[in-house]
1. By how many degrees, 0 to 90 and rounded to 10, does the Cα axis of helix 181-190 deviate from the longest principal axis of the chain?
2. With each pseudo-label sitting 7 Å past Cα toward Cβ, what's the residue 185-residue 328 distance in nm, one decimal?
3. For each of 181, 228, count neighbouring Cβ atoms within 10 Å of the residue's Cβ, then give the residues from fewest to most.
4. With the chain treated as a Gaussian network of Cα nodes joined by springs under 10 Å, which of 213, 151, 55 yields the largest mean-square fluctuation?
5. With loop defined by DSSP as not H, G, I, E or B, and exposure as at most 11 other Cβ atoms within 10 Å, which is the longest segment of the chain clear of exposed chymotrypsin sites (Phe, Trp or Tyr not before Pro)?
6. Normalized C-alpha radius of gyration of segment 137-305, against 2.2 N^0.38 Å?
7. Using a Förster distance of 25 Å, how high is the FRET efficiency between residue 167 and residue 209, based on the Cβ-Cβ distance and rounded to 0.05?
8. Considering the alpha-carbon set of segment 208-330 alone, what are its Rg and its Dmax in angstrom?
Amino acid sequence: MPKTMVHIDVIQTAIQLACRAPSLHNTQPWRWIADLGPGPGDLHLYLDRTRCVTRTDGAGREAIISCGAALDHFRVAMASAGWMSRVERIPDLDNPDHLAAITFSPSSVVVVSNRRRADAILQRRTDRLPFEAPPNWSQFARMLNAVIADRTVILDVIDDIMRPKLADASALSDALRIYDSAYQTELDWWTAPFTLNDGVPRSALVSATESDRVDIGRTFPVVTERTSRPGLQEDQARVLTLSTARDTPKNLLRCGELLSEVLLEATLAGMATCTITHMLELTASREVVGTAIGRTHPQALIRVGMAPPFGRIPPPTPRRSLADVFEIRG
């Protein structure tokens, strides 16, 4: 049976939107290959191990989760263009870096919600500043559990009483790495002021004063002292966690897809978000989090709240060019 051919311009536009997905230190560890010849997939997603942050993410867990977020962003973008995506995850067991093979079929109609989700991709930011408490939280959490039902990935809404345990895990992670020169060098590299198309720009980082008001954030290199959102003396965000039964590539990829869904749903609801993973990168602090939430393999935490109006909005972080992440074969 011949493939359903999608115009290459549509795929390229969708990939550009997909690459707005969050990734560890904005490393963008994905590679897309369009196969125009005979075969079992129109588009393939690969993990690019040359983009992995080896000291921070030695096993590549966060890199695969990042690719999963990009995969879901891609599906959202294609749906807004009138195409349904069929995804085969880890199609080649001999090559676990081959994360997905994607084929397409035309949609009979493009619903408004698909276009709104695609718009949310461009609106979403990683906001490291303190948040106000999100309104109607119970209703939003119930909606998430209804929309994001998945047997592979477990979504937990963390009770505020558990927040000190998460703060302990964050502090433990910092303490274990304070003299880890390889980790600190890696962090400095990805937050250097000269980065143009990847890494975390200085404008997206927070000062020491701002960082002190968020008890579960990663400690980045200090930037010029400033005080944004001075009315918020402590972070009032609610916290979600995503966990899996195991650390398999397929589970991690699916976790990234669910992470994307959570971030986009929160954006559509007018909320700000920040994904947190540093306390899950070391065994000791990951075990503290796992014990606190009752899960063996926590993969990501997400702060969700409200950014005060008229305040400083983090700018969009840079992205690699399409030529750097996309290849056409056949």
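All of the numbers you see were taken from the coordinates with simple rules; none came from a lab. This is a predicted model, so every value here is computed, not measured. Note: ideal-geometry Cβ built from the backbone for every residue, glycine included; neighbour counts use all protein chains shown.
1. That helix lies at roughly 60 degrees to the long axis.
2. About 4.1 nm separates the two model spin labels.
3. By the 10 Å Cβ count, ascending: 181, 228.
4. 151
5. Answer - 1-178.
6. 1.06
7. Working: r = 18 Å, r/R0 = 0.70.
It comes to 0.90.
8. Rg, Dmax (Cα atoms, Å): 17.1, 57.
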